[in-house]
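These notes are about the structure you will find just below.
What follows is calculated from the coordinates using simple rules that are stated; it is not laboratory data. Just so it is clear, the model here is predicted, and its values are computed rather than measured. Methodologically, a virtual Cβ is constructed for each residue, glycine included, from the backbone with ideal geometry; neighbour enumeration extends over all protein chains shown.
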Amino acid sequence: MNDTAVHSKRAAAVEWCEAATTHSRESGGKPWVYALVPHDAIFENQTLNYLLQLYSA
């Protein structure tokens, strides 16, 4: 999670989500969100919305 490559990929993904959201809004779609979720933070009793609140960019 602290690797330079991970942060570079995160930045690129956030930019992509911003562009996808712009396009989606123009066509009546929903926004895109990027979340970098650690593998050991996922449990059966968690919802996607909960994880997005914690880990979205």
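For segment 19-37, a residue qualifies if it is assigned to a helix (DSSP H, G or I) and loosely packed, with under 14 Cβ neighbours inside 10 Å, and the qualifying residues are A19, T22, H23, R25, E26.
Right, V14: outside any helix (DSSP H, G or I) and in contact with a Phe, Trp or Tyr (Cβ under 7 Å, 6 or more places away or on another chain) or not?
no
Taking residues in segment 38-57 that are free of Cβ contacts under 8 Å to residues at least 60 places away in the same chain and in a loop (DSSP other than H, G, I, E, B), and partners anywhere that are β-branched (V, I, T) and surrounded by 12 or more Cβ atoms within 10 Å (Cβ to Cβ), the pairs with Cβ atoms closer than 9 Å and at least 6 places apart or on different chains are A57/V14; A57/V33.
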